[in-house]
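Step one of this worksheet: look at the structure below.
Read-outs: derived from the displayed coordinates by stated rules, not from any lab. Quick caveat, the model's predicted, so the values are computed rather than measured. Neighbour counts are summed over all protein chains in view; Cβ atoms, including those assigned to glycine, are modelled from backbone coordinates with ideal geometry.
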Amino acid sequence: MPVLTRLIPAPVVVDIRAGALADLAGVLADQRISGSGKLAIAISGGSGRALRERLSDSLPGASWFEVGGGTLDDAVKLAEAMKSGRYDAVVGLGGGKIIDCAKFAAARVGLPLVAVATNLSHDGLCSPVATLDNDAGRGSYGVPNPIAVVIDLDIIREAPVRFVRSGIGDALSNISAVADWELAHRVNGEDIDGLAAAMARQAGEAVLRHPGDLGDDGFLQVLAEGLVLTGISMSVAGDSRPASGACHEINHAFDLLFPQRAASHGEQCGLGAAFAMHLRGAHQESVRMAGALRRHGLPVTAEEIGFSADEFVQVVEFAPRTRPGRYTILEHLNLSADGIKDAYADYVRAAGA
């Protein structure tokens, strides 16, 4: 009998709305998550303590673990601390670093992970990847998807606005990443998963086209849903391809070449995506993306994040080395330094910067 469908790894609960945190105990009591109430909850030492005070009475069976930072060592220590607890599940309550540490630790001890995000800085909150700093710089580690995702829009609004801006740039970059994937399919015959590509692209397009701003619940809802869908698209594809192309190569190059000066993940990805769209000849789409970035307060040029044009040329020239084997518009064009410089000058003029 032919296979008529396929199973898609996805959370059993996704709760994105204002006030969602008030119902967290009910979500965690789901028999698929924790029948006994024995939970290991990872938090930061700062804002995490305030959340613990707010939630501890409703979660009497929980043990709370403060995570030092976003390093591999922190994640390993968290896993070791949880080993003897006989927990049903791990809860990562915080920003990206806390959730990534909790993801890795949960995978290490074989427990499901519930992601409770307190900011929307990037698309990793529901992805099958934990990004952690290590002795060599930064590594990406494969982990299971979260079994549940909870995002309280009231909490999101309390976070510094730079986190939301970063998430916007990361979501918009999906559009360029999928275009790179399609390019690799046309030129090299690389397999492309149409469902994963559609999910990632529509997540980015929804953010691009939404008329709201950073203080608008409707916009935050679309952004949060888009970031969750992007994470699921990576699980569907079995790879980060739906959300990572030239945009992320440029981001990684900024981080590696200028680790002390690099901007936020989403700022660099958004700039990289708008420039990559220009490189591929999608000039109207590039201008539209640059306009959306500017409207939400994100940078459109390298100079706006403190880099000269020559430094940006250096970044773009180095970018393909950050992901050997990945084919994007950068590898396709293989521009010289002078070619990159000319293309960047054209992009800046087109973007009206």
Checked the chain against the a/c 1.5 cut and the a/b vs b/c comparison, axes a ≥ b ≥ c from its Cα gyration tensor; verdict prolate
Here the FRET efficiency for D23 versus K77, based on Cβ atoms and R0 = 35 Å and rounded to 0.05, is 0.70
Kirkwood radius from Cα pairs of the range 13-158 plugged into Stokes-Einstein at 10 °C, 1.306 mPa s, gives D in µm²/s equal to 107 µm²/s
Rounded to whole angstroms and listed largest first, the alpha-carbon spread of the range 161-351 along its three principal axes comes to 43, 37, 32
Counting only backbone N atoms under 20 Å from a point 7 Å out along Cα-to-Cβ of L214, the residues of the range 286-311 in range are 289-307
Rounded to whole angstroms and listed largest first, the alpha-carbon spread of the range 301-353 along its three principal axes comes to 33, 20, 17
One finds, for S84 and H185 with R0 = 41 angstrom and r their Cβ-Cβ distance, a FRET efficiency to the nearest 0.05 of 0.30
With label points set 7 Å from each Cα along the Cα-to-Cβ direction at R49 and Q284, the distance between them in nm comes to 5.5 nm
If Y327, Y347 are placed from fewest to most neighbouring beta carbons inside 10 Å, the sequence is Y327, Y347
One finds the C-alpha centres of the range 245-284 and the range 294-353 to be spaced, in Å, by 7 Å
Of V187, V164, V12, the most mobile residue in a GNM of the chain (C-alpha springs, cutoff 10 Å) is V187
Straight-line reach check, K38, cutoff 15 Å on alpha carbons, 8 or more apart in-chain or any other chain, hits among aspartates and glutamates -> D30, D57, D88
Note, the range 192-200: 3J(HN,Hα) by Karplus (6.51, -1.76, 1.60, θ = phi - 60°), whole Hz, Gly/Pro = x, goes 10, 8, x, 5, 4, 5, 5, 4, 5
Computed ³J(HN,Hα) along the range 102-119: with the Karplus parameters 6.51/-1.76/1.60, θ = phi - 60°, integer Hz and x for glycine or proline, the list is 5, 4, 5, 5, 4, 5, 5, 9, x, 10, x, 10, 9, 9, 10, 8, 9, 8
CD proxy, 222 nm, the chain: helix-only mean residue ellipticity via -39,500 (n - 2.57) per DSSP H run with n ≥ 4, per residue, nearest 500, stands at -16000 deg cm²/dmol
Proxy exposure order for R186, R108 (fewest C-beta within 10 Å first) is R186, R108
Along the dipole axis of the chain (charges at Cβ: +1 for Lys and Arg, -1 for Asp and Glu; origin at the Cα centre), the most positive-end residue among G352, V14, F275 is V14
Measuring from its Cα centre, the chain shows a charge dipole (+1 at each Lys and Arg Cβ, -1 at each Asp and Glu Cβ) which, in debye to the nearest 20, is 520 debye
When the charge dipole of the range 13-158 is computed with +1 at the Cβ of Lys and Arg and -1 at the Cβ of Asp and Glu, the Cα pointing farthest to the positive end, of N145, A50, M82, is that of M82
The correct pair for the range 102-166, radius of gyration to one decimal and Dmax as a whole number, both in Å and from Cα atoms, is 13.0, 37
Straight-line reach check, K77, cutoff 13 Å on alpha carbons, 8 or more apart in-chain or any other chain, hits among aspartates and glutamates -> E66
Toy charge model, Lys and Arg Cβ at +1, Asp and Glu Cβ at -1: the range 161-351 dipole around Cα centroid in debye, rounded to 20, equals 140 debye
The size of the Cβ-based charge dipole (Lys, Arg +1; Asp, Glu -1) of the range 291-334 about the Cα centre, to the nearest 20 debye, is 300 debye
